[in-house]
Each structure stands twice: as structure tokens, then as C-alpha cells.
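Visitor: Structure provided below as C-alpha cells; questions to follow.
The values are calculated or read from the model by the stated rules, or taken from the named source; none is laboratory data. Remember, it's a predicted structure, so these values are computed and weren't measured experimentally. Cβ atoms come from the backbone with ideal geometry, glycine included; neighbour counts cover every protein chain shown.
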Amino acid sequence: MGKKVLGLIAVFVLAGAVSASAAVINIPVTAAGDGTSWRYWGWFGSGSGFSADANPNEARHSYWPGDGNESASYLQFQLSDFTGTAEQISSASFNFNVLGFIDGGQDNRDTKGNIYHASNSSSANGNASQKLGGDQFVGSVTGSTAMGWNSFDITSYLKNDVTSDYNWVAFSISSPGYAGFSFSSAESGNAAYLRIVTADATNGGGTTNAVPEPMTMSLFGLGGAALAFVRRRIL
């Protein structure tokens, strides 16, 4: 094989290694962007409200004779932190830190909470107090869900949000029955966040971190070996 051909192979291999890197953009929810809506009822009265500084956030439905409680949480993430296009997104996930389960007082169902994405967040302003409900099912927290950080895929939903040029991504989390769970709020220091991974480290804007794919290091090694072989042939 000619020296020029080997040289070209080495260049193309190394170029492939560079393009195999990815950018990771993390977008945490702000204190104003997450909160819990609640209501209670019982023998001694009833009431409702919304807490923007709830810590932790909750989704629950519970009832004991003479006393009932219900809550749902809402989150909005600033999509303008991502400056890429939908085509550049390789994957996207919704991540939050589960703290514990809440007894429902009745049948205490295995499904503790359901996560929904809002298909139309054009009216969102970044404040969870809007209580913008989701209409697209993302996933469920169940009795077998691990404590700590959990991740749910939202790639197709986020691509639609970017294509629609929305400024905010909105979610709601509610309990389907007599059960519930709690998760970290922005005020706790463990804010829920969106993670966007792009195919190229130069895409996406915001705070990016180069994350080499597994094949990257192999490609660099192959390219380097080819260049070394070419150098030896020249000498």
C-alpha cells in the first residue's frame, strides 16, 4: 500500500474520532420553575394552595377517615439554554432525585406517581405556579423505583419542543390513586434537570462538556498507529 494512501487513511480515521465526540447540555430547574400544588379536606375544614418553595416536591393522594390530602408538582425548564436544532439531538432525558414513598392510607397502590410532558408549552413563562399540566405520558414511579436519581427518556418530546421553538419545557407529576412519592426540589441543591446529548461537541450551546464515545479512543489509536507506520516507511 502506498505511503499517500496510508496517510489519507490515518487522516480520515482521526477525523472520525474527533466527530465521534458529543456535547452534553444539562439544564437544571430553577427555584421558581418547580413547585407543588396541594389541597386538603377533612372534618375540620379544607383548603388548597401552591408552594413555589416546596422542599421536597410531592405527588400524592391519601385518605384516612375524616382526613384527605392531594398534591401534584409542576416543573418548567428553560429551553433557550439549548441553541442547537432538533436534528442535532441524539438523546434527551428528564432526571430527578426520588427521596421516598408516601403511604396513601387505603390500597396504597404500587404506582406512586405519573410523569407527563406538556405537548404545547407556548404559554409557559418559567414559573411553575402556572400549573401547566402535561398531556403526554413519560413514565411512572413505582414501588420498585430506586431511591436517588432516576432518568426518563424524552427525546421525541424535546425534539418537538425545539422544532416548535418553545422557550420552556413543561412537566407535571401527579399520583394516580392512594399513593405518592417525594423528590428533591431546586431549593434542596439537587434540582431536577434535563440532559441533552448532541452528536457533535460543537452543537447545542449552553454549558457543554465533551464526552468521548467508546469508539473514539479506539479510532484515535488506529489513526495514530497508521501515522506511525507511514513515518517509519518514510524513514
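Visitor: Within region 48-55, is even one residue at pLDDT 95 or above and closer than 19 Å to Val138 by Cα?
Guide: Looking through region 48-55, none of the residues is at pLDDT 95 or above and closer than 19 Å to Val138 by Cα.
Visitor: Six or more apart or on different chains, Cβ atoms under 8 Å: show the pairs whose first residue is in region 91-105 and over 19 Å from Ala179 (Cα atoms) and whose second is not hydrophobic (A, V, I, L, M, F, W, C) and not in a strand (DSSP E or B).
Guide: Short answer, once both residue conditions are applied: Ser91/Thr155; Ala92/Thr155; Ala92/Tyr157; Ala92/Lys159; Ser93/Thr155.
Visitor: Cβ-Cβ distance below 9 Å, separation of 6 or more or different chains: which pairs start in region 115-135 with a residue that is under 18 Å from Lys159 (Cβ atoms) and in the same structural domain as Leu75 (by TED's automatic domain parsing) and end on one that is in a loop (DSSP other than H, G, I, E, B) and of a type in the set (Val, Ile, Thr)?
Guide: The qualifying pairs are His117/Ile154.
Visitor: Name the residues in region 84-134 that are within 12 Å of Phe171 (Cα to Cα) and of a type in the set (Lys, Arg), would you?
Guide: Lys131 - this is the single residue of region 84-134 that is within 12 Å of Phe171 (Cα to Cα) and of a type in the set (Lys, Arg).
Visitor: How many of the residues in region 105-163 are at positive phi and of a type in the set (A, V, I, L, M)?
Guide: So the answer is 0.
Visitor: Still on this structure, I have one more. Among the residues in region 170-180, are any assigned by TED's automatic domain parsing to the domain that holds Val197 and within 14 Å of Leu194 (Cβ to Cβ)? Can you show your working first?
Guide: The first filter runs over region 170-180 and keeps only residues assigned by TED's automatic domain parsing to the domain that holds Val197, leaving 170-180.
Remaining after also requiring within 14 Å of Leu194 (Cβ to Cβ): 170-171.
Within region 170-180, one or more residues are assigned by TED's automatic domain parsing to the domain that holds Val197 and within 14 Å of Leu194 (Cβ to Cβ).
Visitor: On to the next question. Filter region 62-113 for residues that are of a type in the set (Lys, Arg) and either closer than 19 Å to Gly134 by Cβ or under 25 Å from the mean Cα position of the chain (by Cα) (or both) and give the result. Steps first, please.
Guide: Initial filter on region 62-113 (of a type in the set (Lys, Arg)): 109, 112.
Passing the criteria: only Lys112.
Visitor: Here is a follow-up. Taking Phe152, is it within 18 Å of Asn55 (Cβ to Cβ) and either crowded, with 19+ Cβ neighbours inside 10 Å or in contact (Cβ under 8 Å) with a residue 12 or more places away in the chain (or both)? Spell out the reasoning first.
Guide: Numbers: within 18 Å of Asn55 (Cβ to Cβ): no; either crowded, with 19+ Cβ neighbours inside 10 Å or in contact (Cβ under 8 Å) with a residue 12 or more places away in the chain (or both): yes.
In short, no.
Visitor: Sticking with this one: Picking from Phe181, Phe171, which residue would you name as being hydrophobic (A, V, I, L, M, F, W, C) and under 23 Å from Gln106 (Cα atoms)?
Guide: Working: Phe171 fails: under 23 Å from Gln106 (Cα atoms).
The conditions single out Phe181.
Visitor: Can you find a residue in region 210-218 that is closer than 30 Å to Tyr63 by Cβ and either more than 18 Å from the chain's Cα centre (by Cα) or modelled with pLDDT of 95 or more (or both)?
Guide: As a first pass, look at region 210-218 and keep what is closer than 30 Å to Tyr63 by Cβ: none.
No: region 210-218 contains no residue that is closer than 30 Å to Tyr63 by Cβ and either more than 18 Å from the chain's Cα centre (by Cα) or modelled with pLDDT of 95 or more (or both).
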